[in-house]
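We did not get these values from a lab; they are worked out from the coordinates using the rules stated. The structure presented is a predicted model; accordingly, all values stated were derived computationally and were not measured. Cβ: placed from backbone, ideal geometry, glycine included. Neighbour counts: every protein chain shown.
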Amino acid sequence: MSATRERIAVVGAGAFGTALAAVITLAGKSDVTLVGRDPALISDLKADRVHDAALPGIALPDALVFSAEPEAIRNAEIVLFAMPSQAQADAARHYGPYLAEGAIVVTCAKGIDRVSGSLLTDLLEQELPDHAIAVLSGPGFATDIAKGLPTAMAIAAADIAVAERLAQAISGRTFRLYASSDRIGVQLGGALKNVLAIACGIVEGRGIGDSARAALISRGLAEMSRFVCAKGGQAETVRGLSGLGDLVLTATSHQSRNLRFGIALGRGEAVDSLHGTLVEGALAASVASRLAEGLGISMPITDAVTAIIGGTLDIPDAIEQLMTRPITTE
Ligand SMILES: NC(=O)C1=CN([C@@H]2O[C@H](COP(=O)(O)OP(=O)(O)OC[C@H]3O[C@@H](n4cnc5c(N)ncnc54)[C@H](OP(=O)(O)O)[C@@H]3O)[C@@H](O)[C@H]2O)C=CC1
Ligand SMILES: O=C(CO)COP(=O)(O)O
């Protein structure tokens, strides 16, 4: 006997939302609708089944439904929010009234809300108190996912049974989710690795060497662990897909916008040189530094990225500061 089909809506027709909608459709277990806010884009997607701007040349599955109407999420049991982190609150307010009773909302963004300093799951819980809120995060570029290359990520909900149901519904032959109950660890891995990827980009753009990159990855992971544990998450999660896995991917692959942004900084190019591309780490750095200060934990790499982006520290001084901190144990 086959399991009941889930109805899934993915809101946010950018690179990640479109890739997720495509791969979940291809898994064949659910009826999937991709909901975008730009009617012209949605009409092009219906006509061409290719997202030229976000995923050029990748054919989207025939069974994937597109809609520009918020009404389209009404029947969905699972709703993925795939817009940037700073748009999650707005999206909750806009789409919230259309959610079905009992619908689970999954944030797919990697960031921290800059206005409130809240974790995205806390923010969504506040905006949508009648819905279970989950988070999907981990190593995977939208293009790789949409092309059907093997990818694994984590999905976390407060109730592990909910996370397991989501992992079953969303996983397929090329996209594999691991269930977790550590929403804090999973989402902070995604938010903080972007800041560390910028640091690695600076090292690359400045030509400081691969040894420095390895040091940043490993000391960055220590920062991430301190922050996650101080916020109530688990160190074990940091060592998993959403922490170490995503940090290694983003800190080493030129597909990463955060790494490319850091490279541009390291080369002394203008910080707007990515022409409006989303760089979540540039938004998360200062809020992470602020929160870390409040928590009384040390985040020297994150602080250095914050100061470099803010124009209060130049790169040679940042390196000097990081290298001359008091000698300590690992
Ligand atoms: N790209 C990737 O490889 C991955 C991305 N992510 C994460 O996913 C999130 C989105 O990234 P990505 O898809 O790459 O970004 P894109 O810039 O490609 O797309 C963002 C999309 O969100 C839409 N959007 C913005 N604000 C709202 C809103 N208020 N309501 C509804 N839709 C909105 C945008 O619409 P419009 O064009 O109309 O502005 C756009 O379609 C980020 O947090 C990112 O870190 C996670 C894993 C992989
Ligand atoms: O999070 C990502 C891959 O896991 C995408 O990284 P960028 O946002 O740096 O492109």
Can you put Cys200, Cys108 in order, fewest other beta carbons within 10 Å first?
Cys108, Cys200
Relative contact order for segment 189-323, counting Cα pairs under 8 Å that sit 6 or more residues apart, in percent:
34 percent
At a Förster radius of 25 Å, what calculated FRET efficiency corresponds to the Cβ-Cβ distance of Ala235 and Arg267, to the nearest 0.05?
0.10
Taking the simple approach of a point 7 Å from Cα along Cα-to-Cβ for both Ser218 and Asp317, what is their distance in nm?
3.0 nm
With Cα atoms, 0 to 90° folded angle of helix 210-230 axis to the chain main axis
70 degrees
Going from the fewest other Cβ atoms within 10 Å to the most, one would list Lys46, Lys110, Lys231, Lys193 as Lys46, Lys231, Lys110, Lys193
If you take every residue apart from Arg183 with its C-beta less than 13 Å away from the C-beta of Arg183, what net charge results, scoring Lys and Arg +1 and Asp and Glu -1?
-3
Counting other C-beta atoms within 10 Å, which of His94, His254 has the fewest, and how do the rest follow?
His254, His94
Treating only the Cβ atoms of Lys and Arg (+1) and Asp and Glu (-1) as charged, compute the dipole magnitude of segment 189-323 about its Cα centre; round to the nearest 20 debye.
300 debye
Remind me, relative contact order of segment 41-162 in percent, using alpha carbon pairs under 8 angstrom and six or more residues apart?
19 percent
Hey, can you rank 311-318, 140-147, 260-267, 12-19 by average C-beta count inside 10 Å, highest first?
12-19, 260-267, 140-147, 311-318
Residue with peak Gaussian network fluctuation, the chain [Cα springs, cutoff 10 Å], from Ala212, Ala47, Ala156
Ala47
Extending each Cα 7 Å along its Cβ direction at Ile297 and Arg176, get the distance between those two points in nm, one decimal.
2.9 nm
How many nm is it between the label spots at Asp62 and Ser253, if each spot is 7 Å from the Cα in line with the beta carbon?
3.0 nm
Give the angle, between 0 and 90 degrees and rounded to the nearest 10, that separates the Cα long axis of helix 280-295 from the longest principal axis of the Cα atoms of the chain.
70 degrees
If you put +1 on each Lys and Arg Cβ and -1 on each Asp and Glu Cβ, how big is the dipole of segment 81-171 around its Cα centre, in Debye rounded to 20?
360 debye
Residue-span extension gain [Glu69 to Arg49] - 0.36 nm each, minus C-alpha spacing
5.4 nm
